[in-house]
Every structure is written in C-alpha cells, then in structure tokens.
Amino acid sequence: LYTDDMAVDLVMAANQPLISRYMSDRFPYPYTHEDAAEWIAFTREESEPLNYAVFLGKELVGGVGAAHLGSERTGTYEIGWWLTPTKWGRGITTAAARALIDELFGVRGAMKLWAPVMAPNTASAAVATKVGMVLEGTRQQTSLKCGVRHDQLDFGMTRDQWASS
C-alpha cells in the first residue's frame, strides 16, 4: 500500500516518459509531486485497497493495481501495472502482477480479470501472457496517445483459468 512518505520516491520512479507512453492518460507525464500526492490520497481512501507500490528491496520501482468494475460486471476487475524503466526485464512486474492476481482470485473472490494493453506495448502484453492471461480480442484504433491511434489488446483470465494454472 502507498503511504504519504512515499511521494518523493513515487515521483522519482514514475516521472519517466517511457512509462506513460502506452498507458492511460490517468498516468501523467511529467509525473509531479502533486500527481503523487493525489494518487496516494486516492489509494488511502479506497474502501478496499486495490493498488500497491512495488519495491525492489527498499526502493519503490513501480505499481500494480485493480479497479472493481461492479454493477453487471460484479466480480470483474480491471488490472494494470507499471515499472520504472531501469528495472525492466528482470521479472519484477510479472511477479507483482501474479501476486495481485492471486489476491484478487484467492482472497477477494474475483470471477474475471481484464487487462487492456495498447498494442505497441509488447512488454505489458508479455507480462499478461506470462501470468496466464489470454488474449481475448483486439479493439481496432481504440486508444489515442500523443496524437496516434493504437489498437487495444484485451487480455483476460477467469477464476477457472486461474484455479487450473
């Protein structure tokens, strides 16, 4: 979980253009101290904490999180992740995403997980595959980022798929 004293470390880890390049605009660049304070406040106010800082030793290096979709999608969560570029390629994101998935299915009773990934983000697509998610479809030119339209890859996993993995 995020705490108020993580703001400076969060800015240092998150303020990288390579992170936000293929993420939702909810993850800004530049990533400012105000952005960090707002994010930490949001996570602290969650009735059920679903967003976690990722550490390598004592260093904050990324984050994983989920949003419960609710209503007719009760039991369905959208999940996502990010990692500071200097730590890419070490399996950190895969391990953190796996831990989140196990919590959502094993503790919170999730029935379905969904991870939207912009098609050029091959690293996130690889993470989704490594944790056992399945490519369920492609939405043509769904995402607009920096003036360029990108396809969205929809990865998913059901409770049954998780239980049999």
Self-check item: Among 25, 154, 35, residue whose mean-square fluctuation peaks in a GNM of the chain (springs only between Cα atoms under 10 Å)
Solution: 25
Quiz item: Where in the chain are the DSSP H helices whose C-alpha atoms run 15 Å or more along the long axis and whose mean Kyte hydropathy is at least 1.0?
Solution: none
Quiz item: Among all the aspartates and glutamates, which ones have a C-alpha under 19 Å from residue 58's C-alpha, if same-chain residues fewer than 8 places away are not counted?
Solution: 4, 5, 9
Quiz prompt | Cα-only radius of gyration and Dmax that characterise segment 63-165, units Å | solution = 13.7, 41
Quiz prompt | Listed residues 83, 113, 69, most fluctuating in the chain (Gaussian network, C-alpha, under 10 Å) | solution = 69
Exercise. Grab the other residues whose beta carbon is less than 15 angstrom from that of residue 32, score K and R as +1, D and E as -1, and report the net.
Key: -4
Quiz prompt | Over 22 Å [Cα-Cα, segment 1-147], rounded percent | solution = 39
Quiz prompt | Within the chain, longest stretch free of exposed GluC sites (Glu not before Pro) [DSSP loop, at most 15 other beta carbons within 10 Å] | solution = 73-165
Exercise. Round to a whole angstrom and tell me the spacing of the C-alpha centers of segment 80-123 and segment 1-32.
Key: 16
Quiz item: Which trypsin sites (Lys or Arg not before Pro) from segment 21-73 combine a DSSP loop assignment with at most 12 other Cβ atoms within 10 Å?
Solution: 26, 58
Practice problem: Using the Cα centre as the reference, give the magnitude of the dipole from point charges on the C-beta atoms of the chain (Lys, Arg: +1; Asp, Glu: -1; all else neutral), rounded to the nearest 20 debye. | Solution: 620
Quiz item: Given R₀ = 22 Å, FRET efficiency for residue 4-residue 59 by Cβ-Cβ distance, to 0.05?
Solution: 0.80
Practice problem: Identify all aspartates and glutamates with a Cα-Cα distance to residue 87 below 12 Å; exclude those on the same chain that are fewer than 8 residues away in sequence. | Solution: 59
Quiz prompt | Choice from 124, 47, 143 showing the highest fluctuation, given a GNM over the chain with Cα pairs closer than 10 Å | solution = 47
Quiz item: How far is it, in nm, from the label point at residue 90 to the one at residue 152 when both lie 7 Å from their Cα along the line to the Cβ?
Solution: 3.2
Self-check item: Label point distance in nm, residue 34-residue 140, each placed 7 Å from Cα along Cα→Cβ
Solution: 4.0
Self-check item: Distant-in-sequence amide H partners of residue 118 (H built 1.01 Å from N, under 5 Å)
Solution: 153
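Bear in mind that the values in this text are calculations on the coordinates, not laboratory data. Remember, predicted model here, so these are calculated numbers, not experimental data. Cβ coordinates were reconstructed from backbone atoms using ideal geometry, including for glycine residues, and neighbour counts include every protein chain displayed.
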